[in-house]
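A quick write-up on the structure given underneath.
The values are calculated or read from the model by the stated rules, or taken from the named source; none is laboratory data. This one's a predicted model, so the numbers in the text were calculated from it and none came from an experiment. Glycine also receives a Cβ, built like all others from the backbone with ideal geometry; neighbour counts cover every protein chain displayed.
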Amino acid sequence: MTDSFDCPRCGAPVKYNSAVQGYLETITCPYCSESIIIPPSMRPQPPAPQPNSSDAEDEELSEELLEAEKQKQTSPTPDWQKEEAKIVRQQKRDKKIGTAGTIIGLVVGGIALIPVVIMGCVAIYAVISSAFSPGAKAAAGHITATRTAQSEVFSVQNNWPMVIQDGFNNNKLNWTTGTDNNDRALEQKTITGSKYIWEFTSKHNVCEISFPDMPVQKDVLVSVDMQVTSTSHSQDDKAGIVFRHSDAKPSFYFYAVSPTNGSFSLSMYDGSSWHTLINPTTSAAIKSNQVNQMAVSMAGSQILLEINHQVVGDYQDDSLTSGDAGVGLNLSDAGINAKATFSNFYVKAPQK
């Protein structure tokens, strides 16, 4: 049976399993590494000596229990547990003070929001760690807490200074426009009515990208309103945001939405081949056959994906370190008629 009690030092919940910890009187807090006494009411009573048990067996059992405890004490505590414990302690302090503050600090790379005291108000903070990357094991409650923390990060990043903003009232940022009948598609790109409109008839599989004039950035938040329609029924026919693009290879990340099944995906082109980072994943946040607000942030190696102001995915990758940002369209086969409409494009970055 697993019970829990609060650590007297950090206030974090400490789990105690009598079947694992046995009759030991102390346990190590996995959050602050404090050695704490297990409440007597939780500890099982030692069984009465059995006439057939030998001293050698008792000694072996004790050694196994002591070795298990020793390993727990010497094993490194995962970073996300340490950071989660900080959040627990901060929240308890906030309850005692009875005030709430504004999240104002950010350390990019980790990505950590730093608690700051201003005029007696303690700012609640959140941390994104490597535990949030795909493949990390977490309970459902921890996943929920993670998404909340990621939304807080997005909120802070949205206050970064604007690098470029385009309402597509003209083509002052020199996006690719015009008609091009090439070996892969008949394509037409126009900027009209506050929209950047792409119309394609594919002759082959095609991935088309376009970029405005903008300075190269490392950490960015990119957002665009996008609607795409297609005669295809493949989830690989999609459109979205291209970021950390470099002309040198060329290479880039591609965050896209498919209109066919309401899915999003994340991939990376390294200059010679494609790598799927997040497989097509359906999301209730996607509005079928409507305009969807898409946003992606990348700080250090941490990528966060947002649809209609809701965080839907995350990934960690440090393959590409900097570049510009734009929009893209992917069609998987020949004979596909597709139309993608982009509006309200902007890029933000932390102040240097």
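Does residue 271 qualify as being closer than 19 Å to residue 175 by Cα and among the small types (Gly, Ala, Ser)? Judged against the criteria, residue 271 is not a match. Residues that are of a type in the set (Ser, Thr, Tyr) and either within 17 Å of residue 157 (Cα to Cα) or buried (at least 19 other Cβ atoms within 10 Å of the Cβ) (or both) are absent from segment 238-250. Within segment 177-194, the set of residues being buried (at least 18 other Cβ atoms within 10 Å of the Cβ) and under 33 Å from the mean Cα position of the chain (by Cα) comprises 189, 191. Each residue in segment 288-306 was checked for being out of contact with any Lys or Arg (no Cβ under 9 Å at 6 or more places or on another chain) and assigned to a strand (DSSP E or B), and 10 pass. Within the option set 304, 331, being under 26 Å from residue 167 (Cβ atoms) and surrounded by 21 or more Cβ atoms within 10 Å (Cβ to Cβ) holds for one residue only, 304. Within the option set 195, 218, being farther than 26 Å from residue 299 by Cβ, charged (D, E, K, R), in the same structural domain as residue 304 (by TED's automatic domain parsing) and out of contact with any Asp or Glu (no Cβ under 7 Å at 6 or more places or on another chain) holds for one residue only, 195.
Determine, yes or no, whether residue 268 is within 17 Å of the chain's Cα centre (by Cα), surrounded by 15 or more Cβ atoms within 10 Å (Cβ to Cβ) and assigned to a strand (DSSP E or B). Spelling it out, residue 268 is indeed within 17 Å of the chain's Cα centre (by Cα), surrounded by 15 or more Cβ atoms within 10 Å (Cβ to Cβ) and assigned to a strand (DSSP E or B). Show the residue pairs that are 6+ apart or on different chains and have beta-carbon atoms under 7 Å apart, the first residue being within segment 180-203 and within 16 Å of residue 228 (Cβ to Cβ) and in contact (Cβ under 8 Å) with a residue 12 or more places away in the chain, the second being among the aromatic types (Phe, Trp, Tyr) and in a loop (DSSP other than H, G, I, E, B). These pairs meet every condition: 195/168; 196/168; 196/175. Right, residue 318: of a type outside the set (S, T, N, Q), in the same structural domain as residue 225 (by TED's automatic domain parsing), modelled with pLDDT under 95 and not in a strand (DSSP E or B) or not? So residue 318 fits the description; yes. Using the structure shown, decide if residue 236 is within 23 Å of residue 183 (Cα to Cα) and part of a loop (DSSP other than H, G, I, E, B). It is true that residue 236 is within 23 Å of residue 183 (Cα to Cα) and part of a loop (DSSP other than H, G, I, E, B).
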